[in-house]
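J.: This is the structure, below, for whatever I ask next.
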Amino acid sequence: MTTAETSYAPTAADASVADLLRRLGDGDPTAWEEIVGRYGELVSATVRTFRLQDADKLDATQTTWLYLAEHAHQIRHPERLGGWLVTTTRRTCLRIVNSSKHRVDLFDPVVDTVADPFADPEQRIINADSTRRLWNFVSELSPRRKTLIRVLFTEHSRSYTEVARLAGIPAGGIGPTRARALAQLRGKLEEHGLGPAAW
């Protein structure tokens with residue numbers, strides 16, 4: 001063994017993309033950090049080429065990384081990961097753009113479906129007004145978040161697969177997108193004095 005061979009110790013930066021993808025698929029967090037370090041700016045730059053709202057930019061970026069996490073073992077040409085990420089990011093952004101342009105609000109909530117039938121008339125008016133105000137706040141969300149909330153919180157129960165199709169996001173992105181949407185709604189409620197303290 002030569003001196004060069006004995007003194008050389010591979011580091012994360014030296015790891016091949018194929019090895020990083022294999023380790024990523026096995027849940028190795030250091031592999032994830034290395035891949036994001038290498039390709040994070042490429043994904044962000046691709047997202048910036050589309051005119052998206054800040055919330056949708058974040059969704060597009062996270063959805064791209066989610067796709068990678070789900071398909072790390074299936075990438076046939078690891079040396080072309082940069083191209084794969086650009087293509088995946090573009091497709092994700094285009095889905096967001098197209099869904100915001102062509103989506104029809106098919107899920108308008110019906111106030112009567114959430115009104116308490118046993119409440120007195122005055123309370124029913126208050127409840128109906130509160131419901132209208134809440135859905136007005138929902139209508140101010142980004143297109144993806146607004147549609148997801150409307151699909152999830154209507155009287156019709158749907159499978160995650162159907163919810164994902166209607167909202168235009170992968171099934172794995174439903175939870176994170178819902179969490180961000182609800183956090184934004186809580187902020188709006190508190191901003192208008194309708195948070196838990198007002199109840």
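FYI, it's all coordinate maths here, none of it is from the lab. Because the structure is a prediction, the values reported are computed rather than measured. Cβ atoms come from the backbone with ideal geometry, glycine included; neighbour counts cover every protein chain shown.
J.: If neighbour count is taken as other Cβ atoms inside 10 Å, put Thr88, Thr131 in order from fewest to most.
T.: Thr131, Thr88
J.: Sorting check: for 48-56, 18-26, which peptide has the highest mean count of neighbouring beta carbons within 10 Å, and how do the rest follow?
T.: Order by mean packing, descending: 18-26, 48-56.
J.: Stokes-Einstein D for region 12-102 at 4 °C, 1.567 mPa s, Kirkwood Rh over Cα pairs, in µm²/s?
T.: Result for D is 96 µm²/s.
J.: If you don't mind, there's one more thing I want to ask. Ordered by residue, what ³J(HN,Hα) values in Hz, to whole numbers, does region 17-30 give under the Karplus form 6.51 cos²θ - 1.76 cosθ + 1.60, where θ = phi - 60° and Gly and Pro are x?
T.: 4, 4, 5, 4, 5, 4, 5, 4, x, 8, x, 7, x, 5
J.: Compute the length gained on full extension between Ala171 and Ala183: take 0.36 nm times their separation in residues and subtract their Cα-Cα distance, giving the result in nm to one decimal.
T.: This chain segment gains 2.4 nm when fully extended.
J.: A further question on this structure: Give, in nm to one decimal, the length gained when the segment between Ser44 and Arg76 is fully stretched (0.36 nm per residue of separation minus the Cα-Cα distance).
T.: Result for the pair: 9.2 nm of gain on full extension.
J.: Based only on other Cβ atoms within 10 Å, what is the fewest-to-most ordering of Val43, Val97, Val17?
T.: Final ranking by Cβ density, sparse to dense: Val97, Val17, Val43.
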